[in-house]
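Trainee: First the structure, then my questions, so here it is.
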Amino acid sequence: MLIGALMILAGLILWLAGDRLRFLGHLPGDIRYERGNTRVYIPITTMLLLSLLLSAIMWIVQRLK
């Protein structure tokens, strides 16, 4: 339940932030392919950035315990 609540909270934050977080998903290294009815989007750089951020947060939380 805690993970679900955190996901809902993260979704609300992203929804409310709107245009202020528009750069996420449009970073250099994010792959976007569009041709006809086919769209492929692979946000490699965005996922690496978010992974580093979450890892740093978890490391700080672990150190504070």
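Trainee: For helix 44-64, report the angle its Cα long axis makes with the longest principal axis of the Cα atoms of the chain; keep it between 0 and 90° and round to the nearest 10°.
Mentor: Roughly 0 degrees, rounded to the nearest 10.
Trainee: Sticking with this one: Relative to the Cα centre, what is the charge dipole magnitude of the chain, using +1 at the beta carbon of each Lys and Arg, -1 at the beta carbon of each Asp and Glu, and rounding to the nearest 20 debye?
Mentor: In total the dipole reaches around 100 debye.
None of the figures in this text is laboratory data; all of them are computed from the coordinates on show. Because the structure is predicted, anything quoted here is derived from the model rather than measured. Neighbour counts run over all protein chains shown; Cβ positions are idealised from the backbone, glycine included.
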